[in-house]
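Below is one structure; the comments refer to it alone.
The values are calculated or read from the model by the stated rules, or taken from the named source; none is laboratory data. Since the structure is predicted, the reported quantities are computational estimates derived from the model, not experimental observations. A quick note on method: Cβ atoms are made from the backbone with ideal geometry, for glycine too, and the neighbour counts reach across all protein chains shown. These accessible areas exclude ligands, DNA and RNA; they are computed on the full protein's heavy atoms, side chains included. Shrake-Rupley method; radii C 1.70, N 1.55, O 1.52, S 1.80 Å.
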Amino acid sequence: MIIRKAVPSDLNTILSLTPLAIYDGTLGEVMPSEEKASSMSKALLEKGGFYLLAVEQDEILGWVLVGATKDSFTEQALGFIYELYIREQYRGQGHSKPLLKAATEHFRQQGYKEVRLSARMGNRAVRIYEDLGFMTKAVSMSLNLE
């Protein structure tokens, strides 16, 4: 497996799978249309975000979508991991950690002092994030009024 930055010819494959990535990442709560998912991803790419891909024999195994943001209170520049996705047939084979390590190393080389991400409670990836040193910093809560 190699990890490389996505090139324009990779985007069709990535964007076609992005609704499923969002569905999986939200634990089945949200299944956006391909148009909506593509629009969200393209907005991040236009702001300097990019995909790092795990690739084997020209097959995309998964990716991490990274970009920059600012802390809303301190205005400190932060690296942000917007999406981690491993295609179902390649899960459980150890691809997530190398992708995340490549992403955090990119941010380190760019001079960022902190990297953040968001994950749903119950998402199996939370364990991977914790294994790599991520800590819970905030809790987002919801009350269903229906």
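Here are some notes:
- In the stretch 47-69, the qualifying residues are those that are over 15 Å from the mean Cα position of the chain (by Cα) and free of Cβ contacts under 8 Å to residues at least 24 places away in the same chain, and the one that is nearest to A37 (Cα to Cα) is K47.
- Meets criteria (modelled with pLDDT of 95 or more, open to solvent by less than 40 Å² (accessible area, probe 1.4 Å), not polar (S, T, N, Q) and not in a helix (DSSP H, G or I)) for G28: no
- Within the stretch 1-18, residues that are closer than 20 Å to A37 by Cβ reach partners that are β-branched (V, I, T) and in a helix (DSSP H, G or I) with beta carbons closer than 7 Å, at six or more positions or on different chains, in the pairs A6/I14.
- Filter pass, K47 being in contact with a Gly (Cβ under 7 Å, 6 or more places away or on another chain) and loosely packed, with under 12 Cβ neighbours inside 10 Å: yes
- Residue within the stretch 70-83 that is basic (K, R) and under 16 Å from the mean Cα position of the chain (by Cα) present: no
- Residues that are assigned to a helix (DSSP H, G or I) and surrounded by 16 or more Cβ atoms within 10 Å (Cβ to Cβ) within the stretch 1-10 comprise just one, D10.
For every residue, the table says whether it meets (1) charged (D, E, K, R); (2) assigned to a loop (DSSP other than H, G, I, E, B); (3) closer than 22 Å to A125 by Cα.
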residue	(1), (2), (3)
I14	no, no, yes
S39	no, no, no
G62	no, no, yes
G92	no, yes, yes
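- Flag for F107 being outside any helix (DSSP H, G or I) and surrounded by 10 or more Cβ atoms within 10 Å (Cβ to Cβ): no
Residues are listed down the side, and each one gets a yes or a no for (1) assigned to a helix (DSSP H, G or I); (2) farther than 21 Å from S9 by Cβ:
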residue	(1), (2)
G48	no, no
L65	no, no
A102	yes, no
G111	no, yes
G122	no, yes
S140	no, yes
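- Among the residues of the stretch 124-135, those identified as part of a loop (DSSP other than H, G, I, E, B), surrounded by 10 or more Cβ atoms within 10 Å (Cβ to Cβ) and at pLDDT 90 or above are L132, F134.
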